[in-house]
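The values are calculated or read from the model by the stated rules, or taken from the named source; none is laboratory data. Model, not experiment: these values are computed from the prediction. Cβ atoms come from the backbone with ideal geometry, glycine included; neighbour counts cover every protein chain shown. Heavy atoms of the whole protein, side chains included, go into the accessibility calculation; ligands, DNA and RNA do not. Shrake-Rupley method; radii C 1.70, N 1.55, O 1.52, S 1.80 Å.
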Amino acid sequence: EVQLVESGGGLVQPGRSLKLSCVASGFTFSNYGMNWIRQAPGKGLEWVAYISSGSSYIYYAETVKGRFTISRDNAKNTLYLQMTSLRSEDTALYYCASLRTYYYSSYIYRYFDYWGQGVMVTVSS
Amino acid sequence: DIQMTQSPASLSASLGETVSIECLASEGISNDLAWYQQKSGKSPQLLIYAASRLQDGVPSRFSGSGSGTRYSLKISGMQPEDEADYFCQQSYKYPRTFGGGTKLELK
């Protein structure tokens, strides 16, 4: 059974840092790209960051670029999100999600197939 | 960024009713679109990928269609367990973007 378990959230003051972790099990973690996606209370979904299976490719949303760093440790089956210079607008439930690909007619379709339960980050003084 | 405009924002359906949710992309996304269902207090779950392919384990009453910039999710026969929020999402370009969501309630 695939499991993604996030941790590391909490209440933090504006301008401070926090590091989230996501431990994966039930699949070969090192073979798959991973993402962080967040959801502010009562709001929709916002993609935050992506890291490829071997960490060669990394992308960020503009809203977090320069402040957040995504990384992974394939030996530990763990995905990370280092968050610095936190702002009130970063308050959200943060999900890690695995990326799957589907090949059809010379095109590679990508989608988020498994999601963790989420970890809450609250930025407030 | 590719904007995903989802409609309606909310709708109410009776048991057994067929419902449709639309998603309009600001540019063509070559069917690189997924649909997710999020029940209250739960994580999103994948329903459809590549615009029309049903994820394993998802009931066949869910279907996806569309091309270019216009896509839709159809539920053929509303069930109580379908009460949830639904989101479309494009993977054609970075940043990945989601629609604003549709809240589906049972009438």
> Inside the range B:46-59, can you point out the residues that are of a type in the set (S, T, N, Q) and either touching a residue at least 12 places away in the same chain (Cβ under 8 Å) or on the phi > 0 side of the Ramachandran plot (or both)?
Replying inline: B:SER52
>> Can you go through A:TYR50, A:TYR60, A:TYR94 and tell me which one is among the aromatic types (Phe, Trp, Tyr) and either touching a Ser or Thr at 6+ places or on another chain (Cβ under 7 Å) or without any contact (Cβ under 8 Å) to a residue 40 or more places away in the chain (or both)?
In response: A:TYR60
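Conditions (1) within 22 Å of B:GLN89 (Cα to Cα); (2) buried (at least 21 other Cβ atoms within 10 Å of the Cβ), marked per residue:
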residue	(1), (2)
A:PHE29	no, yes
A:ASN35	yes, yes
A:ILE51	yes, yes
A:SER71	no, no
A:ALA75	no, no
A:GLY116	yes, yes
> So how many residues does the range B:28-37 have that are within 8 Å of chain A (Cβ to nearest Cβ) and in contact with a Gly (Cβ under 9 Å, 6 or more places away or on another chain)?
Replying inline: 3
> In the range B:59-107, which residues are away from every other protein chain (no Cβ under 14 Å), closer than 19 Å to A:GLY42 by Cβ and open to solvent by less than 40 Å² (accessible area, probe 1.4 Å)?
Replying inline: B:LEU104
>> Would you confirm whether or not the range B:83-101 contains a residue that is aromatic (Phe, Trp, Tyr) and free of Cβ contacts under 8 Å to residues at least 40 places away in the same chain?
In response: yes
>> Please count how many residues of the range A:68-121 are within 11 Å of another protein chain (Cβ to nearest Cβ) and among the basic types (Lys, Arg).
In response: 2
> Restricting to the range A:1-27, what's the tally of residues that are buried (at least 16 other Cβ atoms within 10 Å of the Cβ) and among the aliphatic types (A, V, I, L, M)?
Replying inline: 6
> Which of the residues that make up the range A:1-41 are closer than 21 Å to A:SER125 by Cβ and in a loop (DSSP other than H, G, I, E, B)?
Replying inline: A:GLY8, A:GLY9, A:GLN13, A:PRO14, A:GLY15, A:ARG16, A:SER17, A:ALA40, A:PRO41
> Within the range B:13-40, which residues are polar (S, T, N, Q) and open to solvent by less than 50 Å² (accessible area, probe 1.4 Å)?
Replying inline: B:SER14, B:ASN31, B:GLN37, B:GLN38
